[in-house]
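The values are calculated or read from the model by the stated rules, or taken from the named source; none is laboratory data. Keep in mind the model is a prediction, meaning the values are calculated, not measured. Cβ sites come from the backbone with ideal geometry, for glycine too, and all protein chains shown count toward neighbours. Accessible surface areas use protein heavy atoms only, side chains included; no ligands, DNA or RNA. Shrake-Rupley method; radii C 1.70, N 1.55, O 1.52, S 1.80 Å.
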Amino acid sequence: MDNRMDEKDAELLRSRSRAAFDAQAPTYDTGMEGDHARRLYPHVLAEVARAVAGNPAPRLLDLGCGTGSLAVLVLEGVPGARLSCVDLSPRMAEAARARLGERADVLLCDAERLPFCDGSFDAAWCNDSFHHYPDPERAAFQAWRVLAPGGTFIIGDAWQPAPARAIMNAWMSHSREGDVRIYSEAEMRRILGTWFSDVSWRRVGQTACVAVARKGA
């Protein structure tokens, strides 16, 4: 499967995502539109805590941080962490800054074009945003690049069994929220496995999955 697309099409998808999440920002923490993401919070949090266990001051990166709700849980669950957050939506980033204050740096940027130096973080995650990335291979590479050797990348995302996934992926081009693709386990393993030395994947309920990828030491 080749997930590359024309940059004009990719930018159209980014603009749709940006507009949709700008509109959702005021109600995302309580409304239906954020329900799927919220159900993944404890699973992603557990993987982040496991990834940096024993590190007294881990450097963490939240890709697609939204309003910062998951970031708050991570800071509470991983004392001493130094956190950076990025999001494509200006209003989501604004909400995250208001919530996190000086506890994290929040940047407005694209997960496919991270402005960080190589090896800057010990763990990174994206929750319910990977299926929005026009170039998932590039996003995976960027996560790999900014992680230190031995670092961990955690993805919580949408999942569907094959028949439903085929129908939903056929519809994605018409999505007003910039959705790109729901990935199978094999697709996710391939995308991450290009860069990461160890990849695990598991279902979460009926409509979600968690993938954990580790960078070689």
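The conditions are (1) in contact with an Asp or Glu (Cβ under 6 Å, 6 or more places away or on another chain); (2) more than 19 Å from E33 (Cβ to Cβ), and V146 fails exactly one of them. Which is it?
Checking V146 against (1) in contact with an Asp or Glu (Cβ under 6 Å, 6 or more places away or on another chain); (2) more than 19 Å from E33 (Cβ to Cβ), the one that fails is (1).
State yes or no: is L73 of a type outside the set (D, E) and within 25 Å of F141 (Cα to Cα)?
For L73, the condition - of a type outside the set (D, E) and within 25 Å of F141 (Cα to Cα) - is not met.
Specify which of the listed residues (A49, A53) is out of contact with any Ser or Thr (no Cβ under 9 Å at 6 or more places or on another chain), free of Cβ contacts under 8 Å to residues at least 60 places away in the same chain and either in a loop (DSSP other than H, G, I, E, B) or buried (at least 22 other Cβ atoms within 10 Å of the Cβ) (or both).
Just a single option satisfies the conditions, and that option is A53.
Give me the residue from segment 1-46 that is outside any helix (DSSP H, G or I) and open to solvent by 60 Å² or more (accessible area, probe 1.4 Å) and, out of that set, modelled with the highest pLDDT.
Looking at residues that are outside any helix (DSSP H, G or I) and open to solvent by 60 Å² or more (accessible area, probe 1.4 Å), I get T30.
Can you tell me which residue is least open to solvent (accessible area, probe 1.4 Å) among those in segment 56-97 that are over 24 Å from D179 (Cα atoms) and of a type in the set (D, E, K, R)?
Among them, the one singled out is R59.
List, please: which pairs have Cβ atoms under 9 Å, are six or more places apart or on different chains, and start with a residue in segment 154-173 that is in contact (Cβ under 8 Å) with a residue 12 or more places away in the chain and end with one that is among the hydroxyl-bearing types (S, T, Y) and part of a helix (DSSP H, G or I)?
Taking only residues 6 or more apart or on different chains, the pairs are G156/Y41.
So, in segment 178-209, how many residues would count as being closer than 12 Å to T152 by Cβ and either β-branched (V, I, T) or crowded, with 21+ Cβ neighbours inside 10 Å (or both)?
Residues in segment 178-209 being closer than 12 Å to T152 by Cβ and either β-branched (V, I, T) or crowded, with 21+ Cβ neighbours inside 10 Å (or both): 3 in total.
Determine which member of the set V44, V52, V48, V86 is of a type in the set (A, V, I, L, M, F, W, C) and either farther than 26 Å from S184 by Cα or over 16 Å from the mean Cα position of the chain (by Cα) (or both).
It is V52.
Identify all residues within segment 116-153 that are of a type in the set (S, T, Y), touching a strand residue (DSSP E or B) at 6+ places or on another chain (Cβ under 8 Å) and either open to solvent by 10 Å² or more (accessible area, probe 1.4 Å) or without any contact (Cβ under 8 Å) to a residue 12 or more places away in the chain (or both); write none if there are none.
S120, S129
With modelled with pLDDT of 95 or more, more than 25 Å from A208 (Cα to Cα) and either of a type in the set (D, E, K, R) or open to solvent by less than 10 Å² (accessible area, probe 1.4 Å) (or both) as the only criterion, which of L107, L100 stands out?
From the options L107, L100, the qualifying one is L100.
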